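Participant: Okay, handing you the structure first.
The values are calculated or read from the model by the stated rules, or taken from the named source; none is laboratory data. In this text, all values refer to a predicted model and were calculated from it rather than measured experimentally. Note: ideal-geometry Cβ built from the backbone for every residue, glycine included; neighbour counts use all protein chains shown. The area values use the complete protein model at the heavy-atom level, side chains included, leaving out ligands, DNA and RNA. Shrake-Rupley method; radii C 1.70, N 1.55, O 1.52, S 1.80 Å.
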Amino acid sequence: SQQGEEDPQALSIQEGENATMNCSYKTSINNLQWYRQNSGRGLVHLILIRSNEREKHSGRLRVTLDTSKKSSSLLITASRAADTASYFCARWTGANNLFFGTGTRLTVIP
Amino acid sequence: GAGVSQSPRYKVAKRGQDVALRCDPISGHVSLFWYQQALGQGPEFLTYFQNEAQLDKSGLPSDRFFAERPEGSVSTLKIQRTQQEDSAVYLCASSLPREPSDTQYFGPGTRLTVL
């Protein structure tokens, strides 16, 4: 069973707008990672934030982590049609694997 | 360099058949993971190898599922007597030495359909 939820489940925006996706979880974490998955493809790692970090940036991506609320958010600024994909947060809890959420399906309309 | 590769990309099996799915991790990656992804869901952990040692198989759904990595590189996930509920995409991932908690590099997956 999966240990978290992304919110919203689906998001549709116009090109150039910002997209924000949220991830909530239940257990403590060592780190939290965000992945992108294009239709029919494998997952691509986007960014990793450790439990002692609060914010990280990578290009047009900004990730925040609030361990007190057990939540994280992924912001994609100035979205492009190529950003259309499913986005998953994944938590490393100290066990031997990542726990993935259910994903947010992002559609960027040109 | 080459990423993680998986074969076949698509597999159709009749219920009751055995299947074998192959994963070629990135050269030098010590850690290897198998995940199962049902339609519309996130990946779920199946099993984890460090070199040839299978350190965690807690996610394997039944004893019909078996994974091996005999030489610490290529891995095979075998499913015996396939059932319709085994239909899913099977993803393989590898990660850098001694950093299994760090970035995982995923292959394109094998889509298994059991009729």
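Participant: Classify the protein assembly as shown: rounded, prolate or oblate, from the alpha-carbon gyration tensor (a ≥ b ≥ c, eigenvalue square roots; a/c under 1.5 rounded; otherwise prolate if a/b is larger than b/c)?
Facilitator: Judged from the Cα gyration tensor, the protein assembly as shown comes out prolate (a/c at least 1.5, a/b above b/c).
Participant: Under the definition of Cα pairs under 8 Å and six or more residues apart, what whole-number percent is the relative contact order of chain B?
Facilitator: It rounds to 37 percent for chain B.
Participant: Report the per residue volume, in Å³, of the convex hull enclosing the C-alpha atoms of chain B.
Facilitator: Convex hull volume per residue, Cα atoms: 94 Å³.
Participant: Roll a 1.4 Å probe over the protein chains and send me the accessible area per residue for chain A in Å².
Facilitator: That works out to 47 Å² for each residue.
Participant: While we're looking at this one, here's another question. At a probe of 1.4 Å, how much accessible area disappears from chains B and A on forming the pair, both sides counted, to the nearest 100 Å²?
Facilitator: Separately minus together, B and A give about 1600 Å² buried.
Participant: Compute the Rg to Rh ratio over the range A:16-109 from the alpha carbon atoms, using the Kirkwood formula for Rh, and round to two decimal places.
Facilitator: Rg/Rh: 0.95.
Participant: Please give me, ordered by residue number, the GluC sites (Glu not before Pro) of the range A:17-110 that lie in loop per DSSP and have at most 15 other Cβ atoms within 10 Å.
Facilitator: The qualifying sites are A:GLU17, A:GLU53.
Participant: A further question follows. About the Cα centre, and with charges only on the beta carbon of Lys, Arg (+1) and Asp, Glu (-1), how big is the dipole of chain A? Nearest 20 debye, please.
Facilitator: Once rounded to the nearest 20, the dipole reads 260 debye.
Participant: I've got another one for you. Let me have the relative contact order for chain A, percent, based on Cα pairs under 8 Å that are six or more residues apart.
Facilitator: Taking the mean separation of contacting Cα pairs over the length of chain A, I get 38 percent.
Participant: Let me know the number of lysine pairs in the protein assembly as shown closer than 30 Å at the Cα, not counting same-chain pairs under 8 apart.
Facilitator: 12
Participant: Please identify the trypsin sites (Lys or Arg not before Pro) of the range A:48-110 that satisfy two criteria: DSSP loop assignment and at most 15 other Cβ atoms within 10 Å. Which are they?
Facilitator: Filter output for the range A:48-110: A:ARG54, A:ARG60, A:LYS69, A:ARG80.
Participant: Going toward the positive end of the dipole of the range A:16-109, with +1 on Lys and Arg Cβ and -1 on Asp and Glu Cβ, which of A:LEU43, A:LEU65, A:TRP92 do you reach last?
Facilitator: Checked the options; the winner is A:TRP92.
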